[in-house]
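These notes are about the structure you will find just below.
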Amino acid sequence: MPTLTEDKNQFAFSYLRALYHEFLYGFSFRRRKELLLAGLLLFIQGFAYSQNHLPYILKKYAPEELRQDFQLMREVLEKAHPSLYLYTPKLEMNHYFDQVYNNITDSMNEIQFRNLLSFVISKIRCGHTAVKPSNSFKRMHPVPFPQFPLYSRVWGDTMVVYHNTSRKDSFITRGTIIKAIDGMPVKQIIQSLYQFMPTDGYSMGVNEIRLTYNFPAYYRNIFGISEKYSIRYLSEEGEVRDTVISAYFPLADTMDKKKKLPDGVRVKKKKKLTRKDKLASARDMDIDTSLNLAVIRLNTFSNGFKLKKFYRQSFRRIAKEGIDNVVIDLRDNGGGNIRNYILLAKYLADSSFRVADTVTSIVRSLPYSKHIHSGRLNDIYMIISTRKKKDGQFHFTYFEDRWFKPKKKNHFGKNIYAVSSGQTFSAAVLFITTLKNQDNFTLVGEETGGTAYGNNGMLIPDLILPKTKVRISLPLFRMIINPKDGKSGRGIFPDIEVKPTVESIRSGEDLKIKKVLDLIQSGNNQAGGQ
């Protein structure tokens with residue numbers, strides 16, 4: 001397989017050509033300056049390439065600096081993380097820390113260092129503890145680099161293409177099953193990538209969705225990039241075939257499309273999303289009067305989307321129109337503000353509920369707070385909101401002791417369906433937990449990414465490593481929802497499991513919503529409480 005080391009000149013020429021076109025037809029003067037600078041740096045420094053890392057023009061950090069940052073991260077996690085040893089025993093966790101620390105023997109750029117950090121962070125099995133780029137990294141790289149061209153739906157050991165960005169390799173179409181890339185079986189690729197991705201416990205669905213959304217980015221960060229990729233795939237006839245596809249050059253391909261347009265035709269600039277569009281993308285509701293059905297798509301519980309008003313208007317309309325079936329689509333809901341989940345649950349819960357069994361922190365004052373975003377403010381918040389109990393931990397008693405009563409006005413007590421996926425996380429799992437034992441509630445879809453036992457979160461500042469400025473999200477509270485679940489580390493399983501199929505991806509059919517509609521039409525509500 002040709003790589004940059006074998007054909008560096010051709011690769012560099014193609015990319016510089018893309019930079020040149022973007023420079024000529026860029027959207028702003030500032031953007032052109034950034035691209036010109038990037039092009040000059042690439043020309044001067046060349047495309048230094050390692051088989052395992054990206055060819056970004058990045059500052060390299062000395063081993064001493066990297067070890068200092070790593071050791072600081074380790075100390076903060078050991079002193080402040082509420083569940084560091086929940087799924088990985090202390091001796092085993094120490095082994096991973098020591099192993100990674102001892103591997104820092106040479107200079108590294110930020111991407112290489114982040115890969116090391118991500119490897120050890122993934123062993124905590126906490127979905128809210130993650131490695132994030134430095135702010136300067138995000139600002140320094142306005143230019144998208146060449147990438148693997150296939151976007152695919154991933155589940156289990158299966159990888160099925162749903163979008164091919166390369167027009168030159170159009171024979172790999174939507175619904176194509178990928179068996180291997182560059183001689184490596186898909187199962188091995190997926191398992192390798194998972195070693196650098198955080199999860200809650202042992203529920204892998206969230207990483208299946210992450211790979212589905214952006215497999216090219218995860219693949220390039222770990223395996224590097226090439227000008228060509230060898231692909232083994234399964235044809236529509238069921239035959240195993242091999243081919244070679246080209247890397248996708250976003251800038252060059254954009255220019256080629258412009259060139260092939262008929263004379264006099266111009267591409268309209270993509271409209272900037274209005275405030276109304278942004279709100280609709282986060283939450284909306286459709287009503288089908290023929291099925292007596294309301295579908296509420298709720299992609300977040302975060303603040304800033306006027307959820308209180310949305311709930312009030314939605315359930316007022318549902319009550320006014322006498323709707324008998326409500327679907328809450330939580331497939332893309334990664335969580336957010338707990339109070340926003342509570343408010344929704346009040347419209348649907350059939351009895352009083354509380355958020356969690358326990359909500360605890362092991363510290364009230366953060367170590368190395370000068371390196372933690374809003375560190376002093378977090379200390380003040382924790383001092384005011386928690387109290388120490390006999391177990392030696394600091395309890396956030398508001399969510400432990402308070403019971404929330406259902407609303408009376410416009411309360412919905414008929415058939416409730418929720419739709420879940422591996423992306424269903426954090427506060428979305430709290431919502432499902434609140435309703436899952438009701439006789440009128442049915443969960444359809446896939447195992448949630450957030451565990452049934454609980455999660456770490458609520459307050460999640462960033463630890464900013466002083467040398468590299470790489471950021472580590474640091475949850476400060478352990479929230480136990482269901483103590484009986486223990487350490488199984490699995491998500492909430494649906495009452496009716498519906499996974500994707502090759503045919504559904506090929507046709508674009510939404511099997512989960514189809515199943516809900518079938519249940520409504522047949523009058524068969526298989527609620528979790530039955």
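Take the range 220-251 and flag every residue that is open to solvent by less than 10 Å² (accessible area, probe 1.4 Å) and either under 21 Å from Gly156 (Cβ atoms) or under 15 Å from the mean Cα position of the chain (by Cα) (or both).
Once the filter is applied, which keeps residues that are open to solvent by less than 10 Å² (accessible area, probe 1.4 Å) and either under 21 Å from Gly156 (Cβ atoms) or under 15 Å from the mean Cα position of the chain (by Cα) (or both), the range 220-251 yields only Ile231.
Within the range 343-360, how many residues are of a type in the set (A, V, I, L, M) and open to solvent by 10 Å² or more (accessible area, probe 1.4 Å)? Walk me through it before giving the result.
Here is the first cut: in the range 343-360, the ones of a type in the set (A, V, I, L, M) are 343-345, 348-349, 355-356, 359.
Add one more test, that the residue is open to solvent by 10 Å² or more (accessible area, probe 1.4 Å), and what stays is 343.
Final tally of qualifying residues: 1.
State all residues of the range 308-337 that are within 22 Å of the chain's Cα centre (by Cα) and either within 19 Å of Val419 (Cα to Cα) or surrounded by fewer than 14 Cβ atoms within 10 Å (Cβ to Cβ) (or both); if no residue qualifies, say none. Spell out how you get there, then give the answer.
Restricting attention to the range 308-337, the residues satisfying the condition of being within 22 Å of the chain's Cα centre (by Cα) are 328-337.
Within the range 308-337, Ile328, Asp329, Leu330, Arg331, Asp332, Asn333, Gly334, Gly335, Gly336 qualify.
Which condition number does His371 fail, the rest of (1) out of contact with any helix residue (DSSP H, G or I) (no Cβ under 8 Å at 6 or more places or on another chain); (2) within 18 Å of Ile460 (Cβ to Cβ); (3) open to solvent by 10 Å² or more (accessible area, probe 1.4 Å) being met?
So the condition that His371 fails would be (1).
So in the range 72-93, with the set limited to residues that are open to solvent by 10 Å² or more (accessible area, probe 1.4 Å) and in a helix (DSSP H, G or I), which one is nearest to Tyr453 (Cα to Cα)?
Lys90
Which residue out of Asn410, Asn415 is at pLDDT 95 or above, open to solvent by 10 Å² or more (accessible area, probe 1.4 Å), on the phi > 0 side of the Ramachandran plot and not small (Gly, Ala, Ser)?
On the way: Asn415 fails: on the phi > 0 side of the Ramachandran plot.
On inspection, the qualifying residue turns out to be Asn410.
Out of Leu465, Leu459, report the one residue that is touching a His at 6+ places or on another chain (Cβ under 8 Å) and of a type in the set (A, V, I, L, M, F, W, C).
That would be Leu465, the only listed residue that is touching a His at 6+ places or on another chain (Cβ under 8 Å) and of a type in the set (A, V, I, L, M, F, W, C).
Can you confirm whether the range 63-72 contains a residue that is among the aliphatic types (A, V, I, L, M), modelled with pLDDT of 90 or more and under 30 Å from Ala428 (Cβ atoms)?
Within the range 63-72 (the criterion being among the aliphatic types (A, V, I, L, M), modelled with pLDDT of 90 or more and under 30 Å from Ala428 (Cβ atoms)), the answer is no, since none of the residues qualifies.
Kindly state which strands (runs of 3 or more DSSP E) lie completely within the range 421-530 and contain at least 1 residues that are among the polar types (S, T, N, Q), surrounded by fewer than 24 Cβ atoms within 10 Å (Cβ to Cβ) and at negative phi. Steps first, answer last, please.
Values: elements: 441-445, 454-457, 462-464, 471-473, 477-480.
In the range 421-530, 471-473 are the strands (runs of 3 or more DSSP E) which contain 1 or more residues that are among the polar types (S, T, N, Q), surrounded by fewer than 24 Cβ atoms within 10 Å (Cβ to Cβ) and at negative phi.
Within the range 78-124, count every residue that is of a type in the set (Ser, Thr, Tyr), under 16 Å from Lys467 (Cα atoms) and out of contact with any Pro (no Cβ under 7 Å at 6 or more places or on another chain).
So the answer is 1.
Are any of the residues in the range 433-451 at pLDDT 95 or above, β-branched (Val, Ile, Thr) and out of contact with any helix residue (DSSP H, G or I) (no Cβ under 9 Å at 6 or more places or on another chain)?
yes
The values are calculated or read from the model by the stated rules, or taken from the named source; none is laboratory data. None of these values were measured; they are calculated from a predicted model. All Cβ positions, glycine included, derive from the backbone under ideal geometry; neighbour counts span all protein chains shown. Surface accessibility is based on the protein's heavy atoms, side chains included, excluding ligands, DNA and RNA. Shrake-Rupley method; radii C 1.70, N 1.55, O 1.52, S 1.80 Å.
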